[in-house]
Amino acid sequence: MNAQPLDATGRADGIVLSIEDLEVTFATDAGQVPAVRKVGFEVSAGEVVAVVGESGSGKSVTARTILGLLAETATARGAVLLNGSNMLTLSARELRAMRGDDVSMVFQEPSTALNPVYTVGWQIIEGLRAHGKVSKKEAKARAIEVLRKVGIPEPEKRVNYYPHQFSGGQKQRVVIAAALALNPALIVADEPTTALDVTVQAEILELLREVRDDFNTGIVLITHNMGVVADLADRVVVMYQGKIVETAPSVELFANPREEYTQALLAAVPHLGRNSASAGMSERSGQEQEVLVEATDLNITFPGRLGSPSFTAVDGVSLQICAGEVYGLVGESGSGKTTIGRAIAGLNRVSSGSLKVLGHEMLGFKERSFKKVRQDIGFVFQDPAASFNPQLSVGECVAEPLYVHTSLEPRAARKKVEELLEAVQLPAAFAARFPHELSGGQRQRASLARALALDPKLLIADEPTSALDVSVQAKVLELFKELQAELGFAALFISHDLAVVDMLSTWVGVLYRGKLVEEGIGNQVMGDPQHPYTRRLIASLPVPDPVEQAIRREAFLKTLS
């Protein structure tokens, strides 16, 4: 390693990472496939560099190259200089020594990054002892210290907890603690907030900012969330098809993107208050329309297991969804929004109160009597890959509701499937493909086609775009708006992304711990929230503008104090 002068924190001053002419190719049956082409950028101590782009742009491959974590089928050329050492030329033993001491990684999914059979303390301690001669007592003290620094309450007690005993946000904090344990010069964070609620995401971003400031750590942030980039990054590297198309300081890039691809990427990001579906509205548009869903003091309770108490997921909720209306239901994980959506579709049982769906009472309903109602309800799931049968073609998956609820002949069903695929802007030829042969956005379009197969009066969309890239998300949301306007179905749109809900929904309800704490016209709820939780939820949402986001960040921090 190069001998650079140390600053006040003990960190080598200057550049900690320098990537030069990096090329990565993968060997496949079809030949060599280039994933990264002539990529080069630098990261200084105490600097956050965001590498952004859509899926397949090469950003995650670049990140893994920094740690020497490429697959055996990959070939890398060029130079990845970390504190002066070229990661591409080191032996496996030398790479293990560098990981943890010089560079650590925060993975996208903490549940898979943490071993479920060991306590989180053991996992941090094991990393410490693998990189130096330190006693178990000293290592445990260090583990407790880093858990405290990342905001884990009662770290002396929770150091002995297993991963499943932590929430999603706390698990991500534990992963960051493990990355910090050896005080590395560089942290590579690969989509560290993708699966988190907006309030938890804001807390994790604040934690990463503190890590940068307190430890003078360089951070490579891999993400497709431009709001996160605006909130945290000092400099941005934009990648497309394995190449860097633009590099600029964060404020400059958002204010004046030069390249056409960067402009399109930023234009695709939903922005709270812009293109609002309820812009100019002062009263509910569906007041004179038929009420399709009516919940009155709705309660849904799940029984406890092995002596544990029962859990109330939905607590006294009253709401209405009118014909032709898009009702946005927002809230964090565990707020009860998906439970309500599934209850409307007859997939969850109502415990007490009343839930009328298309005139049918769901309290104590019988499946046989509800079957005719169900054909008027479409459901778009969060993960279409999991909701499609992998053994059936896309056409067969889309046609499934037709075979279950109608007596259409196979030829007529095939024609209907072709029409549905074309309606969601997919070629009719895609009917012969299998789900795994479609991209994420294409699968979600096919899922929307299946939901519309029976011309439903009501569509339930549960986080339908949360796993999609921003540009793909924008296309799916625009398609959803067009189809809803054309076909006139009512929709319950469930999401934790307020900007997406604002773009689609005229009427919005906010759930918190099973209770409906606020409800109203979208622009009024988003623009002038009355409940403290709604204000916190809106303040925590990062917007794709570094200047505006700095102001919003201060507002969010005030909600925590």
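The values are calculated or read from the model by the stated rules, or taken from the named source; none is laboratory data. Since we're looking at a predicted model, the values are computed, not measured. Neighbour counts are summed over all protein chains in view; Cβ atoms, including those assigned to glycine, are modelled from backbone coordinates with ideal geometry.
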Handout entry: Qualifying residues in the range 290-308 (those that are free of Cβ contacts under 8 Å to residues at least 40 places away in the same chain and farther than 19 Å from Pro456 by Cβ) - the one nearest to the chain's Cα centre (by Cα)
Key = Phe302
Exercise for the section: Enumerate the helices (runs of 4 or more DSSP H) found wholly within the range 85-179, keeping only those where 3 or more residues are of a type outside the set (Gly, Ala, Ser) and buried (at least 18 other Cβ atoms within 10 Å of the Cβ). Expected result: 120-130, 136-149
Exercise for the section: Under 8 Å between Cβ atoms, at least 6 apart or on separate chains: pull out the pairs that start in the range 536-561 with a residue that is farther than 23 Å from Arg235 by Cα and end on any residue that is aliphatic (A, V, I, L, M) and not in a helix (DSSP H, G or I). Expected result: Leu537/Val330; Leu537/Val510; Ile538/Leu272
Exercise for the section: Kindly establish whether Gly316 is at positive phi and either small (Gly, Ala, Ser) or modelled with pLDDT of 90 or more (or both). Expected result: yes
Practice task
For the range 86-99, state whether one or more residues are assigned by TED's automatic domain parsing to the domain that holds Pro192, more than 20 Å from His131 (Cβ to Cβ), touching a strand residue (DSSP E or B) at 6+ places or on another chain (Cβ under 9 Å) and not β-branched (Val, Ile, Thr).
Solution key: yes
Problem - Residue that is farthest from Asp376 (Cα to Cα) [pool: residues in the range 484-516 that are surrounded by fewer than 19 Cβ atoms within 10 Å (Cβ to Cβ) and among the aliphatic types (A, V, I, L, M)] - result: Ala485
Handout entry: Sole exception among (1) surrounded by fewer than 19 Cβ atoms within 10 Å (Cβ to Cβ); (2) farther than 21 Å from Val150 by Cβ; (3) of a type outside the set (A, V, I, L, M); (4) touching a strand residue (DSSP E or B) at 6+ places or on another chain (Cβ under 8 Å) for Gly242, by number
Key = (1)
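Residues checked against (1) part of a loop (DSSP other than H, G, I, E, B); (2) crowded, with 18+ Cβ neighbours inside 10 Å; (3) in contact with a Lys or Arg (Cβ under 7 Å, 6 or more places away or on another chain):
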position	(1), (2), (3)
Val33	no, no, no
Arg37	no, no, yes
Ser55	yes, no, no
Glu72	yes, no, no
Val80	no, yes, no
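Evaluate the following for Leu492: is it under 24 Å from the mean Cα position of the chain (by Cα), assigned to a helix (DSSP H, G or I) and hydrophobic (A, V, I, L, M, F, W, C)?
no
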Problem - Elements of type strands (runs of 3 or more DSSP E) contained in the range 269-376, each with 1 or more residues being farther than 23 Å from Phe480 by Cβ - result: 291-302, 311-322, 352-357
Problem - Conditions (1) over 26 Å from Gly441 (Cβ atoms); (2) without any contact (Cβ under 8 Å) to a residue 40 or more places away in the chain; number of the one not met by Leu347 - result: (1)
Practice task
Given the conditions (1) surrounded by 22 or more Cβ atoms within 10 Å (Cβ to Cβ); (2) in the same structural domain as Ala491 (by TED's automatic domain parsing); (3) at pLDDT below 90; (4) not aliphatic (A, V, I, L, M), report the number of the one that Phe370 does not fulfil.
Solution key: (1)
